[in-house]
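Have a look at the structure below before the remarks.
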Amino acid sequence: MAHRNDLPDWIVEALQSLGGAGTIVEVWDRHEDDLRESGDLFYTWQYDLRWAGLKLRKADVLLPASDEERGVWRLREGRSAL
């Protein structure tokens, strides 16, 4: 069963498969089945994915929100994991 701590890796994986950038909905599309099977995480996925995105920004894996259009996450070049 998926856990909240799996989400940063899911975001990175999804963004890599999308060419380096994407939206929360595109991440959802890549992991919908996993989220549906994850119990309570299914009901909190929007909050939890945003938390994971913030964690990735603080770790300098994603570009800052101010450097990207609203709602888009973009991997920083050369950074692909925590």
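Overview of results
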item	result
Neighbour net charge for Gly20 - beta-carbon separation under 10 angstrom, K R +1, D E -1	+1
The chain: relative contact order in percent, alpha carbon pairs under 8 Å with at least 6 residues between	39
Listed residues Asp34, Asp67, Asp48, most fluctuating in the chain (Gaussian network, C-alpha, under 10 Å)	Asp67
Mean accessible surface per residue for the chain, computed with a 1.4 Å probe while every protein chain stays in place, in Å²	62
Residue-count net charge about Met1 - beta-carbon cut-off 12 Å; Lys, Arg +1, Asp, Glu -1	-2
J(HN,Hα) series, segment 25-34, from Karplus relation 6.51 cos²θ - 1.76 cosθ + 1.60, nearest Hz, glycine and proline x	5, 5, 5, 4, 4, 6, 10, 4, 4, 4
Probe 1.4 Å - accessible area at Arg74, Å² to nearest ten	90
Protein accessible area in the chain, 1.4 Å probe - carbon and sulfur %	45
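The values are calculated or read from the model by the stated rules, or taken from the named source; none is laboratory data. Bear in mind the structure is a predicted one, so any value in this text is a computation, not a measurement. Here Cβ is always computed from backbone atoms with ideal geometry, including for glycine, and neighbour counts include all displayed protein chains. SASA here: full protein model, heavy atoms, side chains in, ligands and nucleic acids out. Shrake-Rupley method; radii C 1.70, N 1.55, O 1.52, S 1.80 Å.
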